[in-house]
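Engineer: My structure is below; once you've seen it, I'll send some questions.
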Amino acid sequence: MKRKTLLVKNIGLYLFLIAGSIHSLFTFYWTFGGNLGLITVGDWTIQFKQNYGIKFLIILLFVGIFKLTATWTPYILNFKENKLIIIISYIGGIILFIYGGLNMISGWLKLLGVIDVNFKLSIIGQAFIWDPLFLLWGLGLLIFLNGTRKLNY
């Protein structure tokens, strides 16, 4: 039983580290001048980048740092228990899971024509890229936390 729990915990670990790192790395890529995939977030991002220039890029840099920190901090739980990290990680995992899931479903409903849409390219990101990654990030984190708890108690 302990072996199966360890396997599931590690699957959760890899899932949240990969999904969160992809999110973070794309944010850094966009911060330092890249544009590939930015349109799938929404046309507002390109407008902000053009209209606000360096101010928007600085905000993106801080968002990237926050995402990377939020992704890798729970990894500490592999080595030692920290109740504050556990609580914050559970809250973050739940938020990521719900946010990603609801927005992904919303993207699918837009693709099916159930919900009206203004900008079609962002639906691709919403339904198939960014919001599913949020969902996987949160799901992986919750699986990891649950596995860590089972192995420690």
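Engineer: So for the chain, taking the charge dipole from beta-carbon charges (+1 Lys/Arg, -1 Asp/Glu), which of Leu133, Ile88, Asn146 sits furthest toward the positive end?
Structural biologist: Farthest towards the positive end: Asn146.
Engineer: Show me, for the stretch 79-89, the HN-Hα J-couplings you get by feeding each phi into the Karplus relation (A = 6.51, B = -1.76, C = 1.60, θ = phi - 60°), rounded to Hz, glycine and proline as x.
Structural biologist: These are the phi-based 3J(HN,Hα) values: 10, 7, 7, 9, 4, 5, 5, 4, 5, 4, 5 Hz.
Engineer: Let me ask something additional. Using unit Cβ charges (K, R positive; D, E negative) and no other charged atoms, how large, in debye to the nearest 20, is the dipole of the chain about its Cα centre?
Structural biologist: Dipole about the Cα centre, nearest 20: 660 debye.
Engineer: Return the distance in nm (one decimal) between the two label points of a simple spin-label model at Phe66 and Asn10, each offset 7 Å from Cα along Cα→Cβ.
Structural biologist: 3.4
Engineer: Output needed for the chain: three equivalent-ellipsoid semi-axes, defined as square roots of 5 times the C-alpha gyration tensor eigenvalues, in descending order, whole Å.
Structural biologist: 31, 19, 11
Engineer: If I model a spin label as a point 7 Å beyond the Cα along the Cα-Cβ vector, how far apart are those points for Asn146 and Trp108 in nm?
Structural biologist: With each label point 7 Å from Cα toward Cβ, the separation is 2.0 nm.
Engineer: Sticking with this structure for a sec: Given the rule -39500 (n - 2.57) for each run of at least 4 DSSP H residues, summed and divided by the residues of the chain, what is its mean residue ellipticity at 222 nm, to the nearest 500 deg cm²/dmol?
Structural biologist: Mean residue ellipticity at 222 nm (helix-derived): -25500 deg cm²/dmol.
Engineer: Return one quarter of the surface area of the convex hull spanned by the alpha-carbon atoms of the stretch 70-153, equal to its mean projected area, in nm².
Structural biologist: Answer in nm², one decimal: 6.0.
Engineer: Okay, next question. Starting from the Cα of Ile46, step 7 Å along the direction of its Cβ; do the same at Ile124; then give the gap between the two resulting points in nm.
Structural biologist: 1.1
Engineer: Could you pull out the pairs from Lys9/Lys150; Lys67/Lys120; Lys2/Lys67; Lys83/Lys150; Lys2/Lys80 whose alpha carbons sit more than 21 Å apart here?
Structural biologist: Lys67/Lys120; Lys2/Lys67, as the Cα separations exceed 21 Å there.
The numbers here are math on the coordinates, done by the rules we state, and not lab data. In this text the structure is predicted, and so the values were computed from the model without any measurement. Glycine gets a Cβ as well: all are built from the backbone with ideal geometry, and neighbour counts include every protein chain shown.
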